[in-house]
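To start, the structure itself, in structure tokens.
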Amino acid sequence: PVITEVEGVPCCPLESQVYHQNLEAIAARLPRLHQDVFRQQFRTADTSLLDTYPALVPYLCSMDRAQVLALDAGRQFHLAGIFASFPSDIDSELKRFGIRIGKFVYGDNELYERNRMFVYQYLMELYGFPIVSERRTSSALFARKLHKMGERFLLRVLGQTDRTITTYTADGENRRYPLLEKIALVKVDEDQEEVIERIEEGGFFLDRARRVIIIRITYRQHSFDQSNVRQDRALSVAFQEVLHPLTGQPLPGLNIIKDTTNMFLRLNDIVRGEYSGRIVYKRTEVVENTDTDEKRLKFLYAWLTKHQRRMISYSDEFFSNVSKVLSRYLYAPENDEAFETMRELHREVCTRFSYIQQARRVRILEDLRLRTFKGARITYRQMMREALAQLTDLKFEISTFFPDLVDAIMKCVEGILSDRYMLRTYMEPPEEHLSKAGLEIRRNYGKLVSLLDGFRAVRKARTHKDEAFS
């Protein structure tokens, strides 16, 4: 259902915008079995009045339709519409958003074709959905449209399954996006002993035998950043809390969905063929369990894709453990024969893993650009030393780097070299006025410029090669 202040719901031209719902209009949308009963029960009732809504709920829930509750001229809520879906105008919205974030350029059809799926995926993720059914898409874009109009609203959408409810809220505050929350049924992993103990103490289990809880997750949306190696990260978890199944009381402070231990154990289960679950491979194929090498590779591809942004950010210790598990499976000589018949699939998984490995190194340069290294603030002298060391190592791998990562490396280095304070303090004064540290910074600055020129030359040569090949 949607509760909104849009009077008469002018955003929904696909339906007749009448103040009072016509009895026959609702009846026609019901399964034939319920139509006569419905007509008999509501033949003298005004189905638009909120007083009638509780009696309507059983019928409305039997429809796969959106319900809109809106304010009338007297500031009273009424049932303003029942819609097959909301108008989404997806192509126009994608073009506007893509141009705003720099992924599309007017008149460049090739760029549009190349980046359309990325823009589509990023825009949908901002509103809490993957690219799924048309109705979830229209719900997300309807929330976007209402928010742009400055309306106050609450929009609640059932997920692809009946285990998740997504809620958008806008209360008139000056926010870039509506508040995004999800309430879901989640199974707590049995190794989270302390978490299970706290949940059990307060009676927060919905099903103790299956360790099922009700969790509410509030997300933080991120503006697109072209220079960030994790540029496809549209969402991150702001906070999470377990809800009591009877009282609704929240239990904050538990880490249910971001636990790295669970991720690592699940990866081990996949590689060993002991994971029982279901994933959707490339949005087209449902894969259940991991009893064959082909299924394991598809699970690994989905797992790496899902956790890519988190793995780029996580600690060296965690990623080292992940790398050992993946390398032992993907590159083990004893698996060569099994992978021979699925070479393309194996290559896809290895490529995804390589991208994450290389992106982690680029992330270090991004942190250095902000004068941060391993979570600590550093001096300009340390920044230049570390940047030079990282770039010197990277130049030996540039031939195997992904083009977008090479672009990210160059932007990071350009950002370091264009730091105004550093230029004013260490590059503009005469050499005799500089300290020993200042002279070292100036020397390393020149070395970085030289390395950057080398990266630009390789990137330019590769671009010309790709153009000639195409």
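The values are calculated or read from the model by the stated rules, or taken from the named source; none is laboratory data. Since the structure is predicted, the reported quantities are computational estimates derived from the model, not experimental observations. Every residue, glycine as well, gets a Cβ built from its backbone with ideal geometry; the counts of neighbours run over all protein chains shown.
Screening GLU337 on (1) of a type in the set (D, E, K, R); (2) surrounded by fewer than 17 Cβ atoms within 10 Å (Cβ to Cβ); (3) not assigned by TED's automatic domain parsing to the domain that holds LEU297 shows it passes everything except condition (3).
Say whether the condition of being without any contact (Cβ under 8 Å) to a residue 12 or more places away in the chain, surrounded by 12 or more Cβ atoms within 10 Å (Cβ to Cβ) and more than 25 Å from LEU60 (Cβ to Cβ) is met by at least one residue in segment 185-200. Yes. Taking segment 306-379 as the region of interest, the helices (runs of 4 or more DSSP H) fully inside it that hold 1 or more residues being touching a Gly at 6+ places or on another chain (Cβ under 8 Å), in contact (Cβ under 8 Å) with a residue 40 or more places away in the chain and among the basic types (Lys, Arg) are 343-369.
If the condition is being of a type outside the set (Phe, Trp, Tyr), part of a helix (DSSP H, G or I) and within 15 Å of LEU235 (Cβ to Cβ), then segment 88-135 contributes GLN121, LEU123, MET124, GLU125, LEU126.
Of all the listed residues (TYR177, TYR219), the sole one being of a type in the set (Ser, Thr, Tyr) and either over 28 Å from ARG309 (Cα atoms) or not in a strand (DSSP E or B) (or both) is TYR177. Within segment 250-300, the set of residues being more than 28 Å from ARG343 (Cβ to Cβ), in contact with a helix residue (DSSP H, G or I) (Cβ under 6 Å, 6 or more places away or on another chain) and among the β-branched types (Val, Ile, Thr) comprises just one member, THR260. Among the candidates PHE142, PHE129, the residue that is in contact (Cβ under 8 Å) with a residue 60 or more places away in the chain and either farther than 28 Å from ARG220 by Cβ or not small (Gly, Ala, Ser) (or both) is uniquely PHE142.
Only one of the numbered conditions (1) at pLDDT 90 or above; (2) under 22 Å from MET311 (Cα atoms) is not met by ILE398, and that is (1). Just one of the numbered conditions (1) over 25 Å from LEU267 (Cβ atoms); (2) assigned to a loop (DSSP other than H, G, I, E, B) is not true of ASP291: (1).
Listed conditions (1) modelled with pLDDT of 85 or more; (2) part of a helix (DSSP H, G or I) are all met by ALA28, apart from (1).
Annotation note: of TYR355, TYR380, the sole residue that is outside the structural domain of ASN268 (by TED's automatic domain parsing) and farther than 23 Å from ARG309 by Cβ is TYR380. For VAL458, state whether it is out of contact with any Leu (no Cβ under 6 Å at 6 or more places or on another chain), in contact (Cβ under 8 Å) with a residue 40 or more places away in the chain and surrounded by fewer than 17 Cβ atoms within 10 Å (Cβ to Cβ). Yes: the conditions hold for VAL458.
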